[in-house]
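Heads up, the thing below is written out as structure tokens.
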Amino acid sequence: MPLEYALQYRGRFPDPGPWRLPRSTNARLTEPLGIAELPTQRVRRSKRRPYIFNVMVVGESGLGKTTFLNTLFNAPLTEKIKPESLAAQKTLQISPTTYELVEDGVALHLTVIDTPGFGDQLNRQKNFEPIVQYVDDQYELYLQAERSQEVRRNIRDTRVHALLYFISPTGGHGLREMDVDFLQRLCTKVNVVPVIAKADTLTPDEMAGYKKAILKDFETHDIRIYPTAHAEDRETVIDIERFMPFAVMGSDTFADVGGKKVRARVYRWGIVEVENEKHNDFVHLRELLIRSNMQDLLETTHSVHYAQFRSTRIRTKGRPESFLACDEYYESRIENARKNLAEEMQRKENEMRQMFVQKVREKEAELRERDEQLNLRRQQLNEELEGLKRVNQRLEYEIDDALNSGRK
């Protein structure tokens, strides 16, 4: 019903209940229609508009966040900020900066949200509150834009799609209390990707033990990290999850390794390559954020975190539960559609497997029958040949007897 009608007759009629879509009926095509070209059309259309990806980096000063971002996106995105004195850093600052990256005709508007000053205050609330408030403010701006008829068609998405939380490479017994408090507050609001900074400062054994302790802390304190807790496309993250939390490093300098220039850090004892998976997990984190799961990060932000914020805001304003039920019904329909599609694919796969087995059995039976016929024909020919041989021998005997009788 129109919004004006709902406002005019609010409270005068009973709640009609959640809105329902009519059920669809399956219909089989008798000939190709061209529906299979829709994904291609969508790809062409999506290239006309730039993709938007907003990533927030959080961590203490000196963990190499700036260098890591420059390395991750292969571009000098951020400049190093000169550290201020502790007296000057009274509050945490949040500074978003947007860059436009273009590759093969596909444009990406990347917004890097830096948080200089995090962890430098004694009062933890001054570290947490500005970040939590910023995330909620972006959700609120998006919600207001959805309600506005003027900007609804082209909403500027400033929501945080991924939060990279840099953990100090202490190699100790797990997360610090500040890390646990922050991650518990943010993991239900945004996609949190934990990162162990400066991986080249720990030995492989120390890093393995540190990762194990951190994963145990995640489970103990119910910290939901991405992609383990939220990713819908599980097939693309099964292999990547083995490396979590990612131990990474960055470098703005290049070194000559085997006649090839690579990003690396040069020490007296050797060279640590950034994109060498034997040295750190940088390539796996890049695979997760950009090449395999960037779209999933965008969708999870909208369908999970923003949907939770939106439903909470709607409930606080006393709107009927039927409005929320519509959203829940829609989500259930999408989930049922995915489930039905998976079952249909499994059914078709089983049918194709059974059909293949049946065809193989029929072919084997046909070949077996032909083989039996050939054996029978071979046996018949052998019997005929033996008969001809016996007739030939009898004729030879008769000829010999006749010759002998004529001589006498």
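The values are calculated or read from the model by the stated rules, or taken from the named source; none is laboratory data. In this text the structure is predicted, and so the values were computed from the model without any measurement. Please note: Cβ atoms are built from the backbone with ideal geometry, for glycine as well, and neighbour counts cover all protein chains shown. The accessibility values were calculated without ligands, DNA or RNA, using every heavy atom of the protein model including side chains. Shrake-Rupley method; radii C 1.70, N 1.55, O 1.52, S 1.80 Å.
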Problem set entry | Residue that is nearest to residue 68 (Cα to Cα), among those in segment 159-191 that are of a type in the set (S, T, N, Q) and either crowded, with 20+ Cβ neighbours inside 10 Å or more than 21 Å from the chain's Cα centre (by Cα) (or both) | 168
Exercise. How many residues does segment 218-253 contain that are farther than 24 Å from residue 188 by Cα and surrounded by 16 or more Cβ atoms within 10 Å (Cβ to Cβ)?
Worked result: 4
For this session: All but one of (1) at pLDDT 65 or above; (2) open to solvent by 50 Å² or more (accessible area, probe 1.4 Å); (3) over 22 Å from residue 54 (Cβ atoms); (4) part of a loop (DSSP other than H, G, I, E, B) hold for residue 76, so report the exception by its number.
Result: (3)
For this session: Kindly establish whether residue 321 is modelled with pLDDT of 90 or more and acidic (Asp, Glu).
Result: no
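Take the conditions at pLDDT below 85 and more than 30 Å from residue 141 (Cβ to Cβ) and apply them to residue 267. Does it pass? Talk me through it step by step, then tell me what you get.
Numbers: at pLDDT below 85: yes; more than 30 Å from residue 141 (Cβ to Cβ): yes.
In short, yes.
I need a count of the residues in segment 178-215 that are assigned to a helix (DSSP H, G or I) and under 23 Å from residue 134 (Cβ atoms).
Going through segment 178-215, the residues assigned to a helix (DSSP H, G or I) turn out to be 178-186, 199-201, 204-215.
Then drop every residue that is not under 23 Å from residue 134 (Cβ atoms), which leaves 178-186.
Count: 9.
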Exercise. Can you pull out the residues in segment 254-290 that are over 14 Å from residue 68 (Cβ atoms), in a loop (DSSP other than H, G, I, E, B) and either open to solvent by less than 20 Å² (accessible area, probe 1.4 Å) or in contact with an Asp or Glu (Cβ under 9 Å, 6 or more places away or on another chain) (or both)?
Worked result: 279
